[in-house]
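*Asks:* Here it is: the structure, laid out below.
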Amino acid sequence: MDHALNWDHGRVIEALQVVFLADGGGVIETRSTEQERVEAGMVFLILPNTWHRYRPDPETGWVESWIEVRGPVVDGLLENEVFPEDPVLRQGVLGSGIEEALNRIHLRVGADEPGSQPELAALALQVLAQCARVAAGPSVLSNIQRAVHRAERYLSDHYREPLKIESLAKDLGVAYSHFRREFRKHTGFSPWRYVIHLRLTRARALMASSEATLDDIAAQTGFSSGFHLSSSFKQAYGIAPDLWRIATMAKGRGL
């Protein structure tokens, strides 16, 4: 269920809400935390009966994926203070499986198949378990882990720009081969595939919400051309972007 959110007044909901940002950024504020920035690749958690407010940056907007969960499992997690007061999970979200589990939930909900409730419940519990694991985090970060976290943040901010991953590793003071291996272990992507993932996520949002050409979208997302965007899109999703766009718009119109 969606709930109206007025920025001036904020709101309180009874469920635990998990929000993943696939692209863009904005701000969030809760009763116990000051206003803070949230960006692509992060998750924020809204605990039940907690006053809060959040909104996307008016210049960039954001692409979000969210669920609401309630019940005995949620009550137990809250009783044991599994989730921190700071609602934002910044490091370790990508590669944790949270995004993939949320996508599967939304696919199941969209398909509206009978008998899907047990799987949806299992996926929701999976999301909660992954959030708890990310929230716990490593107690002490090694030099390479700190470098990977810095790189993840840098690439999330600069993925639209020309990038040289080897130079980034050098600037971070780590060997490229070691950096690449640890980055994949942490995020599930090689550094360059991570950049492509961010670019394609933004490209899909633009294709679904505008009539911009592939060349225009390519220019806005860091691809060298519409052809390069199309090739990367088809390789990642198994469908040409034009066909994906037609299907998405038709679904939005209920056709």
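Just so it is clear, none of the values below were taken in a lab; they were calculated from the coordinates. What you are looking at is a predicted structure, and each value in this text was computed from that prediction instead of being measured. All Cβ positions, glycine included, derive from the backbone under ideal geometry; neighbour counts span all protein chains shown.
*Asks:* Does the stretch 78-105 hold any residues that are in a loop (DSSP other than H, G, I, E, B) and of a type in the set (S, T, N, Q), and which are they?
*Replies:* Residues satisfying the conditions are ASN80, GLN91, SER96.
*Asks:* Evaluate the following for SER32: is it closer than 20 Å to SER156 by Cα and polar (S, T, N, Q)?
*Replies:* No: the conditions fail for SER32.
*Asks:* Please work out which one of (1) surrounded by fewer than 20 Cβ atoms within 10 Å (Cβ to Cβ); (2) under 24 Å from ALA205 (Cα atoms); (3) of a type in the set (Gly, Ala, Ser) is the condition GLY41 fails and give its number.
*Replies:* GLY41 satisfies all of (1) surrounded by fewer than 20 Cβ atoms within 10 Å (Cβ to Cβ); (2) under 24 Å from ALA205 (Cα atoms); (3) of a type in the set (Gly, Ala, Ser) except (1).
*Asks:* On to the next question. Give just the number: which of (1) surrounded by 15 or more Cβ atoms within 10 Å (Cβ to Cβ); (2) in a loop (DSSP other than H, G, I, E, B); (3) not aromatic (Phe, Trp, Tyr) does ALA22 not satisfy?
*Replies:* Here ALA22 meets the rest and fails (2).
*Asks:* Let me ask another. Is it true that some residue in the stretch 80-87 is loosely packed, with under 11 Cβ neighbours inside 10 Å and not aromatic (Phe, Trp, Tyr)?
*Replies:* Scanning the stretch 80-87 turns up at least one residue that is loosely packed, with under 11 Cβ neighbours inside 10 Å and not aromatic (Phe, Trp, Tyr).
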